[in-house]
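Working notes, beginning with the structure itself.
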Amino acid sequence: MNRSDFLSQIVQTFPLKLIDDMKRHYRKQLTKTPNGAIFRAKTNNCVITGYRSGKVLFQGTDPEKEVKHWSADGKQHAPVRKKSVNKNTNFHPPETLYSTYHIGSDEAGTGDYFGPITVGATYVTPTSIDKLKEIGVKDSKDLSDKRIRELANEIISLHIPYALLVLPNEKYNKLRKAGWTQGKMKSIMHHHAIQKLLHKIERKPMEGILIDQFCDPAIYKRHISSESEYPQEKLYFKTKAESYSIAVAAGSILARTRFVQEMDLLSKHAGITLPKGASQKVDKVIAAVKQKHGVTYLNSCAKVHFANTHKADAYL
Ligand code: MN
């Protein structure tokens, strides 16, 4: 691939009246309008998205060309991540993000044979950060399931804006068969959770979005564009983000709580307590589920591509 083939993006602010003119200008090339946008249009080499905030995003191999049509009326912003699809620098958040308005997102259930994948994202403000600290929100890995559940209730009663997504096992197994990696599923789930939350908070101040990093950010972005979507602006990645950002920690608590609730429902339905993780202990339970309900039942409660599915046969 030639360097010049990389996607670039440019953001500019325009008067809303002009954005309406753009919508009219591109009327034959309009595509599905994303949340918070006035229009999105797709030309041969550029995708143009006009937002209610007055910002217009131009993305493509040579967005400057398209921008020139309009820019006499617009205020130029620094190009965003220009030609950096392949570069790994610059995806860590600034230290200041953790104490200001931001969104954090984390997932649960990815390493567990039984149960869905869940993703939780929360939006925090300097005031709610203090409140969350007060009630003891922190890295959920240091908390018991009981404490996590209590904290989830408290987070919700504090009216912290959040989004919570569940990928049920049937859907997971279907996507997997269609060639999706778990990384792609997680990427799309984080993306949608963030989109949902951005829609909820409308135009409240927001300095950045932090995802607990589970893959190379360039790969994350590739997954998002493979579904014809675009990563949000001010998107950051960091490993162990839940120990830096209380928004990620709260997202993780919500995701974990929902995962445990789903596991309880699946266990009740199966009439067998389904364990977390993917250890040998899990293999024995798989054998019991196969015996009681038949092998196809696993499709409704397990990530069937895990090696455990076959390892369990040792216990039949
Ligand atoms: Mn995580």
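The values are calculated or read from the model by the stated rules, or taken from the named source; none is laboratory data. Note that the coordinates shown come from a computational prediction; the quantities given were computed from them, not determined experimentally. When we count neighbours, we look across all protein chains shown, and the Cβ atoms used for this are built from the backbone with ideal geometry, even at glycine.
Go through (1) within 20 Å of Gly120 (Cβ to Cβ); (2) more than 16 Å from the ligand (Cβ to nearest atom); (3) at pLDDT 95 or above and name the single condition Lys238 misses.
Only one criterion in (1) within 20 Å of Gly120 (Cβ to Cβ); (2) more than 16 Å from the ligand (Cβ to nearest atom); (3) at pLDDT 95 or above is unmet by Lys238, namely (2).
Modelled with pLDDT of 95 or more, touching a Lys or Arg at 6+ places or on another chain (Cβ under 9 Å) and more than 15 Å from the ligand (Cβ to nearest atom): which single residue out of His223, His192 fits that description? Walk me through how you get there before you give the answer.
Details: His192 fails: touching a Lys or Arg at 6+ places or on another chain (Cβ under 9 Å).
None of the others qualify; the one that does is His223.
Any residue in segment 298-316 that's part of a loop (DSSP other than H, G, I, E, B): show its pairings with residues that are charged (D, E, K, R) at Cβ separation under 6 Å, as long as the two are six or more apart or on different chains.
Between residues of segment 298-316 that are part of a loop (DSSP other than H, G, I, E, B) and residues that are charged (D, E, K, R), the close pairs are His305/Arg176.
List the number of the failed condition for Ala178; all other conditions in (1) of a type in the set (A, V, I, L, M); (2) away from the ligand (no atom under 16 Å from the Cβ); (3) in contact (Cβ under 8 Å) with a residue 24 or more places away in the chain hold.
For Ala178, the failing item is (3).
In the set Glu154, Glu202, which member is surrounded by fewer than 17 Cβ atoms within 10 Å (Cβ to Cβ) and acidic (Asp, Glu)? Please lay out each step first, then the result.
Values: Glu154 fails: surrounded by fewer than 17 Cβ atoms within 10 Å (Cβ to Cβ).
After ruling out the rest, the residue left standing is Glu202.
Which residue pairs have Cβ atoms closer than 6 Å, lie 6 or more positions apart in sequence or on different chains, and pair a first residue in segment 125-148 that is touching a residue at least 24 places away in the same chain (Cβ under 8 Å) with a second residue that is part of a loop (DSSP other than H, G, I, E, B)?
Thr125/Tyr101; Ser128/Ile160; Lys131/Leu158
Search segment 202-220 for residues being closer than 14 Å to Asn90 by Cα and away from the ligand (no atom under 16 Å from the Cβ), and hand back the single one that is modelled with the lowest pLDDT.
Checked segment 202-220; the qualifying residue modelled with the lowest pLDDT is Ala218.
Which count do you get for residues in segment 120-133 that are touching a strand residue (DSSP E or B) at 6+ places or on another chain (Cβ under 6 Å) and part of a helix (DSSP H, G or I)?
Initially, segment 120-133 is screened for residues touching a strand residue (DSSP E or B) at 6+ places or on another chain (Cβ under 6 Å), giving 120-123.
Restricting the remaining residues to those that are part of a helix (DSSP H, G or I) gives none.
Looking only at that region, the number is 0.
Please verify whether Thr257 is more than 14 Å from the ligand (Cβ to nearest atom), in contact (Cβ under 8 Å) with a residue 40 or more places away in the chain, of a type outside the set (A, V, I, L, M, F, W, C) and assigned to a helix (DSSP H, G or I), treating the condition exactly as stated. Walk me through how you get there before you give the answer.
On the way: more than 14 Å from the ligand (Cβ to nearest atom): yes; in contact (Cβ under 8 Å) with a residue 40 or more places away in the chain: yes; of a type outside the set (A, V, I, L, M, F, W, C): yes; assigned to a helix (DSSP H, G or I): yes.
Yes: the conditions hold for Thr257.
Residues that are at pLDDT below 90: list the strands (runs of 3 or more DSSP E) wholly contained in segment 1-119 that include at least 3 such residues.
Details: elements: 8-13, 37-42, 46-51, 55-60, 102-108.
Per the criteria, 8-13.
Would it be correct to say that Val137 is within 16 Å of the ligand (Cβ to nearest atom) and in a strand (DSSP E or B)? Step through it out loud before you land on a result.
Working: within 16 Å of the ligand (Cβ to nearest atom): yes; in a strand (DSSP E or B): no.
Criteria not met by Val137.
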